[in-house]
Structure formats: structure tokens, C-alpha cells
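Everything below concerns the one structure shown next.
The values are calculated or read from the model by the stated rules, or taken from the named source; none is laboratory data. Treat the numbers as computed from the prediction; the structure is a model and nothing was measured. Note that each Cβ is placed from the backbone with ideal geometry, even for glycine, and that neighbours are counted across all protein chains shown.
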Amino acid sequence: MTLILLGIITGFVSGFFGVGGGMILVPLLLLYGLEMKSAVAVSIMQMVFSSVYGTFLNYKNNKEILKDGILLGIGGFLGGSLSGFIVPNINGQYLKYLFLFIVILAIIRVYSTSLSQSNQVKKHTPYALVFIGFCIGLIAMCIGVGGSVMLTPILVGYMFYNLKDASSLGLFFVIFSSIAGFISLSLAGNMLYSEGLIVGIFSLIGVYFGIKVKNIIQIKSYKNLTLGLYTMILVSILFKL
């Protein structure tokens, strides 16, 4: 029952904020009693479910997310594919500190960005997008998050995407990185299939309602809630450390 509830909550957060769900699921699973590497495995499997379904719903409202998303996704897939070889050889405590550092950077970047959407996007080459995706995919799958927590601040702060559009693109990116991470961890024998399946299936319910709410909420409120989520996750990680 607890895993079902965690799935619904994580799915809502995933759909609303455009994140894979690992940012909230990993800390909750740690509090639930799983060790870090097991929490990462369950989180990655859940992200496959929520990112595919969430992107399908977002695509119906904004078909532009495929443009840069495919390039970012290719890089994310390549980076995420290496996670199965890295996670077993890294101390779980180091992964927690890396997770903490990334959340702090995300809070700073989102807080400092403007709410207005700029029509002038900084120039970026396809190679740059693939490289950004590769770096984010590698780091994200090692700590059990989809990468949106890192990608969205970059898209908003440096490429001037609207925050909601950036979150949709971030969730699309999670498809590539999470599938790669799932395959990699499965081949390495570190995937928890039964727990991940339960959380993943029930996350679809939350994803549906999360995207519904995101599409009607004001952008200012959306930014404040995003900062609130990041802050809550920061506190939970500090508590666990």
C-alpha cells in the first residue's frame, strides 16, 4: 500500500513539475527504509512509466518539445547507459552528497530567472545539446533522478525557455535517460523489478492529474511551487544525511 501511495504522489509531482520523479521518490524511499542504490533502481523504473506517459500528454498540448528534445535525449541515453557500470562502484554516501549539491544549484538558478519568456534564444549547436544531454544523463542516472532538475534550470536560465515549456522538455528528456539507466542497471543485476513496477504503474494516475493542474496554474505560482519542491527535497536530504 505504501508503494502504491508513493507511486501516485511521485506521478503527480512528475507531471506537474516535469521531473522524472526521482527527486522526491529517492528521499521517500530512503525514509521508507531502502538503501540508496535500491532506491535509485526503483526510481529509475518508475521514471520510465511517468516520463513516457507524461510526454504523450504534453505533446498533445505542445508539439514543439520534439525539436531540441531529441538531441538532448540522444545525449542523455548515451550518458545514462554508463550508469550501470558506475553506480556499483561508488559509495552510496557520495551519491547523496552529489544529489544535495545538484538540488542547491537548481534552487539558485530557478530563483534568479525571470518569469518572462524571451523570443531570443541563445545560439546552440546540435553537438552542444547532445553533450549537455550526455553529462546530465550520466549524473542523473547515478543518483536516481531523471535529469530535469538539472536540465530545466539550464533551459530557463541560459536558453530563455518559458518555465512550463522547459519542464515539458525536461520530462521528454527523462524518457531517454531513464530507459538507458533501466537497461544498464538491469544488465548489471541491480534492478528491483517488482517494487519498481508497482510504483511505476500507479504513478500514471498522478501524472495525468499533475499535467492537468500545470496547464491551468499561473506562471508566477508555478515558479514559487517549483522552488518550494526543490527546497523540500533539500531539507529531506539534509535530514537523511
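Structural remarks
- From G147, G157, residue being touching a residue at least 12 places away in the same chain (Cβ under 8 Å), within 19 Å of T113 (Cβ to Cβ) and over 14 Å from the mean Cα position of the chain (by Cα): G157
- Candidates G228, G206 - the one that is at pLDDT 80 or above and closer than 21 Å to Y97 by Cα: G228
- Boolean, S236 is among the small types (G, A, S) and over 26 Å from V156 (Cα atoms): no
- The one condition in (1) at pLDDT 85 or above; (2) buried (at least 17 other Cβ atoms within 10 Å of the Cβ); (3) not aromatic (F, W, Y) that L187 fails to fulfil: (2)
- Filter result (out of contact with any Leu (no Cβ under 6 Å at 6 or more places or on another chain) and farther than 20 Å from S168 by Cα) within the range 8-37: V26, P27, L29, L30, L31, Y32, G33, L34, E35, K37
Each row is one residue, and each column tells you yes or no for (1) part of a helix (DSSP H, G or I); (2) surrounded by fewer than 14 Cβ atoms within 10 Å (Cβ to Cβ); (3) touching a residue at least 40 places away in the same chain (Cβ under 8 Å).
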{"residue": "S194", "(1), (2), (3)": "yes, yes, no"}
{"residue": "L197", "(1), (2), (3)": "yes, no, yes"}
{"residue": "S203", "(1), (2), (3)": "yes, no, yes"}
{"residue": "G206", "(1), (2), (3)": "yes, no, yes"}
{"residue": "I211", "(1), (2), (3)": "yes, no, yes"}
{"residue": "S221", "(1), (2), (3)": "yes, yes, no"}
{"residue": "G228", "(1), (2), (3)": "yes, yes, no"}
{"residue": "L234", "(1), (2), (3)": "yes, no, yes"}
{"residue": "L238", "(1), (2), (3)": "yes, yes, yes"}
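- Residue count for the range 138-166, restricted to those that are over 17 Å from K96 (Cα atoms) and in contact with a helix residue (DSSP H, G or I) (Cβ under 6 Å, 6 or more places away or on another chain): 10.
- Answer residue from the range 141-155, given it is over 17 Å from L229 (Cα atoms) and either at pLDDT 75 or above or among the hydroxyl-bearing types (S, T, Y) (or both) and is surrounded by the most Cβ atoms within 10 Å (Cβ to Cβ) among those: L155
- Test: residue in the range 118-127 that is under 24 Å from G54 (Cβ atoms) and either at pLDDT 75 or above or not polar (S, T, N, Q) (or both): yes
- Boolean, F182 is part of a helix (DSSP H, G or I), of a type in the set (F, W, Y) and closer than 18 Å to V42 by Cα: yes
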